[in-house]
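The values are calculated or read from the model by the stated rules, or taken from the named source; none is laboratory data. Model, not experiment: these values are computed from the prediction. Heads up, the Cβs are rebuilt from the backbone with ideal geometry, glycines too, and the neighbour counts pull from every protein chain shown. Areas reflect the complete protein model, heavy atoms only, side chains present, ligands, DNA and RNA absent. Shrake-Rupley method; radii C 1.70, N 1.55, O 1.52, S 1.80 Å.
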Amino acid sequence: MGWARCSGLLLGVHTDRASATGQRLPVNLGDYGLSAQARGQAARIQGVDQALVWVVAALLLWGMVMVYSASIAMPDNPRFARYSQTHFLLRHVISMAIGLVVALLAFQVRMDTWEKLARPLFVLALIFLVVVLLPFIGKGVNGARRWISLGVVTFQPSELAKLATIIYAADYMVRKMDVKEKFFRAVLPMGVAVGLAGVLLLAEPDMGAFIVIATIALGILFLGGVNARMLFMILGVLILAFVLMIAESPWRRERIFAYLDPFSAEHALGKGYQLTHSLIAIGRGEVWGVGLGGSVEKLHWLPEAHTDFLLAVIGEEFGLVGVSLVICLFLWLSRRIMVIGRQAIALEKVFSGLVAQGVGIWIGFQSFINMGVNLGALPTKGLTLPLMSYGGSAIMMNLIAIAIVLRIDAENKRMMRGGRP
């Protein structure tokens with residue numbers, strides 16, 4: 001069975017070869033057509049996806065404003081007394097600038113080059129996950145060793161591991177497409193690779209990053225056509241593993257109990273402290289919010305207001321309207337990235353399609369977890385809001401991932417015009 005037929009079966013997209021004389025689109029995009037004319041007219045698609053770029057820019061700029069708003073009062077805390085009011089804003093802007101430069105460089109790299117780099121990149125990510133555990137290299141914060149100090153910025157290997165997992169899993173599925181129905185030849189090796197990364201992440205500990213990486217790998221296996229029975233078996237094993245990890249860890253159990261009843265006397269000043277103040281912040285915002293800069297909870301009540309709980313500050317200052325707008329932007333962004341992946345697979349670019357859809361899973365799932373935590377729908381977990389929260393490595397890797405998606409989109413459009421990718 002050819003790639004085009006395989007793609008059609010997996011994603012419901014049918015391909016149509018271009019004729020030798022006309023500039024017809026090589027794929028029927030259905031409702032996802034861009035600016036190309038259907039029914040045989042010439043495609044006039046040029047440049048990158050401008051709507052996607054503008055949505056990403058809006059999230060970045062809004063995030064920058066909110067990071068400043070959420071961190072402006074932090075120097076009043078004796079712990080941050082030596083910092084200026086713009087300390088976190090400047091570091092955030094530097095991370096964004098570095099991320100944009102690296103993203104522009106990443107956009108220049110062809111997807112077949114990324115495919116060749118898949119395995120070396122994954123090995124490099126594993127090496128960094130080992131290095132960060134070394135006491136004289138890794139930087140510890142609040143009992144977790146997740147960062148490597150690089151002077152002006154810090155590097156978090158788990159963020160590189162997320163991107164490396166996407167590229168490696170996409171390359172792996174392309175190589176194993178002929179044996180994808182065989183567990184020991186197709187699924188088990190990928191499970192071992194993700195399990196090794198998981199062991200290193202749990203040693204930091206960073207269970208949140210492990211959950212994201214496991215979800216990315218599982219999603220790409222599913223989209224790559226792995227048998228549903230094998231997929232459910234893997235999912236069952238992962239759920240069992242997470243349940244055992246929670247059961248064997250007293251502080252994780254306390255966090256779950258605090259999530260179930262955060263306002264109880266036992267948890268309100270303990271494991272439920274962040275969640276209670278996040279809910280208070282969102283409740284104060286009501287429909288329209290108290291106005292930009294008017295948040296009270298960010299004044300040393302809500303911990304990590306500029307990172308994990310940035311959405312709570314948005315909810316307090318912009319209300320239900322602001323939170324709803326953030327949700328809609330991430331929903332549109334995730335869907336658009338998945339559509340670009342569908343188009344790539346329909347054009348017989350399976351690796352590119354799986355990479356794009358892996359990025360969509362990453363952005364969509366992590367934003368879903370962060371929003372769920374801030375809104376009290378999920379247990380507290382240390383995951384930032386992509387593209388918005390303070391965090392140098394996260395911002396840089398998010399921008400590189402978006403640049404790769406834009407590269408995939410550009411190659412798709414070039415092929416639709418009859419050119420080479």
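For the stretch 383-421, filtered to residues that are among the polar types (S, T, N, Q) and farther than 13 Å from residue 49 by Cβ, the residue that is most open to solvent (accessible area, probe 1.4 Å) is 384.
Does any residue of the stretch 335-353 turn out to be free of Cβ contacts under 8 Å to residues at least 60 places away in the same chain, more than 30 Å from residue 253 (Cα to Cα), open to solvent by 10 Å² or more (accessible area, probe 1.4 Å) and under 16 Å from the mean Cα position of the chain (by Cα)? Yes; the residues of the stretch 335-353 include at least one that is free of Cβ contacts under 8 Å to residues at least 60 places away in the same chain, more than 30 Å from residue 253 (Cα to Cα), open to solvent by 10 Å² or more (accessible area, probe 1.4 Å) and under 16 Å from the mean Cα position of the chain (by Cα). Quick one: in the stretch 272-283, which of the residues that are open to solvent by less than 30 Å² (accessible area, probe 1.4 Å) and under 19 Å from residue 71 (Cβ atoms) is nearest to the chain's Cα centre (by Cα)? Ranking the candidates gives 278 first. Would a scan of the stretch 118-129 turn up a residue that is β-branched (Val, Ile, Thr), open to solvent by 60 Å² or more (accessible area, probe 1.4 Å) and assigned to a helix (DSSP H, G or I)? For the stretch 118-129, residues β-branched (Val, Ile, Thr), open to solvent by 60 Å² or more (accessible area, probe 1.4 Å) and assigned to a helix (DSSP H, G or I): present.
Considering each residue of the stretch 238-266, count those that are in contact (Cβ under 8 Å) with a residue 24 or more places away in the chain and assigned to a loop (DSSP other than H, G, I, E, B), and give that number. Going through the stretch 238-266 one residue at a time, the tally reaches 1. Checking each residue in the stretch 309-330 for being touching a residue at least 24 places away in the same chain (Cβ under 8 Å), open to solvent by 10 Å² or more (accessible area, probe 1.4 Å) and under 20 Å from residue 360 (Cα atoms) picks out 327, 329. Selection of the stretch 130-151 for residues being in a loop (DSSP other than H, G, I, E, B), without any contact (Cβ under 8 Å) to a residue 60 or more places away in the chain and in contact with a strand residue (DSSP E or B) (Cβ under 7 Å, 6 or more places away or on another chain) yields only 137.
Within the group 235, 269, which residue is open to solvent by 60 Å² or more (accessible area, probe 1.4 Å) and in a loop (DSSP other than H, G, I, E, B)?
269
Looking at the stretch 94-114, which of its residues are open to solvent by 60 Å² or more (accessible area, probe 1.4 Å) and either more than 29 Å from residue 70 (Cβ to Cβ) or under 20 Å from the mean Cα position of the chain (by Cα) (or both)? Result: 98, 100, 101, 104, 105, 108, 110, 112.
Of all residues in the stretch 213-227, exactly one satisfies the criterion of being farther than 16 Å from residue 338 by Cα and crowded, with 24+ Cβ neighbours inside 10 Å, namely 213. Only one of the numbered conditions (1) in contact with a Pro (Cβ under 8 Å, 6 or more places away or on another chain); (2) open to solvent by less than 10 Å² (accessible area, probe 1.4 Å) is violated by residue 358, and that is (1).
Please go through the stretch 319-341 and give me each residue that is under 20 Å from residue 51 (Cβ atoms) and touching a Phe, Trp or Tyr at 6+ places or on another chain (Cβ under 7 Å), ordered by number.
First, pick out the residues of the stretch 319-341 that are under 20 Å from residue 51 (Cβ atoms): 324-341.
Result: 339, single match.
Looking only at residues in the stretch 192-212 that are without any contact (Cβ under 8 Å) to a residue 24 or more places away in the chain and of a type in the set (A, V, I, L, M, F, W, C), the one that is surrounded by the most Cβ atoms within 10 Å (Cβ to Cβ) is 210. In the set (1) β-branched (Val, Ile, Thr); (2) under 13 Å from the mean Cα position of the chain (by Cα); (3) part of a helix (DSSP H, G or I), the condition left unmet by residue 384 is number (3). Is the stretch 284-307 home to any residue that is part of a helix (DSSP H, G or I) and open to solvent by less than 30 Å² (accessible area, probe 1.4 Å)? Scanning the stretch 284-307, I find at least one residue that is part of a helix (DSSP H, G or I) and open to solvent by less than 30 Å² (accessible area, probe 1.4 Å), so the answer is yes. Checking each residue in the stretch 149-172 for being more than 22 Å from residue 116 (Cα to Cα) and of a type in the set (A, V, I, L, M) picks out 150, 152, 153. Any idea which residue in the stretch 69-118 is nearest to residue 164 (Cα to Cα), counting only those that are hydroxyl-bearing (Ser, Thr, Tyr) and touching a residue at least 24 places away in the same chain (Cβ under 8 Å)? Result: 95.
The set of residues in the stretch 152-168 being of a type in the set (A, V, I, L, M, F, W, C), in contact (Cβ under 8 Å) with a residue 60 or more places away in the chain and closer than 17 Å to residue 221 by Cα consists of 163, 166, 167. Tally the residues that are crowded, with 19+ Cβ neighbours inside 10 Å and either among the β-branched types (Val, Ile, Thr) or over 26 Å from the mean Cα position of the chain (by Cα) (or both), restricting the search to the stretch 239-266. So the answer is 2.
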